[in-house]
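See structure below.
The values are calculated or read from the model by the stated rules, or taken from the named source; none is laboratory data. Since the model is a prediction, treat every value here as computed from it, not as a measurement. Reconstructed Cβ throughout: ideal geometry from the backbone, glycine too, with neighbour counts over all protein chains shown. With ligands, DNA and RNA removed, areas are computed over all heavy atoms of the protein, side chains included. Shrake-Rupley method; radii C 1.70, N 1.55, O 1.52, S 1.80 Å.
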Amino acid sequence: MTTSSVSPVTTELAGSETGITFIIHAGAGSRGKHSTPERIAQVELDLQRALDAGYQLLESGAPAHEAVVAAIHVMEDAPEFNAGRGAALTSDGIAQMDACLMTGDGEVGAVTGVSTVKNPIDAARAVKEQTKHVLFADPTDAEIADWGVATESNEYFITEQRRQSLAEAQSGGDEWEKHGTIGAVARDAEGNIAAGTSTGGITNQMHGRVGDSPLPGCGTFANQSTVAVSCTGIGEAFIKVVAAHQVSDRVRFSGENVEDAATATLDEVAAHHGDGGMIVLPAVGRGVVAYNSEMMNFGYRSAQGGKVQG
Ligand SMILES: NC(=O)C[C@H](N)C(=O)O
């Protein structure tokens, strides 16, 4: 697996330390030969739609996790991103998707290896809210029906672009779309925080491989006394350093500010040959976007304004 990790770029986002704040990402990686101005413009449009969907909910007083779910929905439905429709394909050519939703009170739900749930974040939410469990691997049709989430055939998720990406990866080319995972972190009017992540994993991953995204503490984490985090990148490295939880622990026990905590954690990810990025939002304080890859797709908004970057 090739990586192009560079020194982390860590940016504290404009905004105030309290009040509603919303940050989303749609993956980090390298632009690669398939990146065109049209595709970048489409990514920015989709990011803006997702940002608006979540932020409007926060403005109307909705809890943080609802904004997270709403934005992830928009991005799962957008074929440009590696989640829901447009998910990266496994080595046997199917979409096997993961998602996780966690609130600052420690409640969390996740799914891995789902292949028919239209919006995997809905299944993660159902696990969190409707079961006494945390993580389901490849849930049965009956379980999915019970959760009341919409389904599609696996064909629905597979786009021509991802087929081409898989073919290129299998013929020894660069795994050019290994990234593109999506996620969101939110702080609502009550000051509660939440995080969510959804992904198709990595192009050409082995059947059954699980990345960091659905694992609480690895790709997704929220703790009301510290931060909400959603990661993207080479999942194996993020799992090895328990990346999202590590950011939380650094803030909590090492007294590091959020920027330093994110940077130091990405340095550890790089030491395990991983690249990628993360969005981090503290319960009190400004949000941060950090990545050690060439670029990262993200957007943020607070009462002070915001922006998207594709
Ligand atoms: N695209 C990604 O960010 C991949 C995800 N982190 C995984 O390893 O499954």
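Here are the numbers for this structure:
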quantity: Search result, residues across the stretch 246-294 that are open to solvent by less than 10 Å² (accessible area, probe 1.4 Å), in a helix (DSSP H, G or I) and not aliphatic (A, V, I, L, M); calculated: 248, 265
quantity: Matching option when the condition is modelled with pLDDT of 95 or more, buried (at least 21 other Cβ atoms within 10 Å of the Cβ) and within 11 Å of the ligand (Cβ to nearest atom), among 201, 196; calculated: 201
quantity: Filtered residue count, the stretch 218-245, keeping only those that are more than 8 Å from the ligand (Cβ to nearest atom), touching an Asp or Glu at 6+ places or on another chain (Cβ under 9 Å) and part of a strand (DSSP E or B); calculated: 2
quantity: Residue satisfying all of: in the stretch 42-60; open to solvent by 50 Å² or more (accessible area, probe 1.4 Å) and of a type outside the set (D, E, K, R); modelled with the lowest pLDDT among these; calculated: 42
quantity: Candidate set: the stretch 204-217, residues that are under 17 Å from residue 121 (Cβ atoms) and open to solvent by less than 40 Å² (accessible area, probe 1.4 Å); chosen: the one farthest from the ligand (Cβ to nearest atom); calculated: 214
quantity: Some residue of the stretch 178-185 being at pLDDT below 95, open to solvent by 20 Å² or more (accessible area, probe 1.4 Å), within 16 Å of the ligand (Cβ to nearest atom) and among the charged types (D, E, K, R); calculated: yes
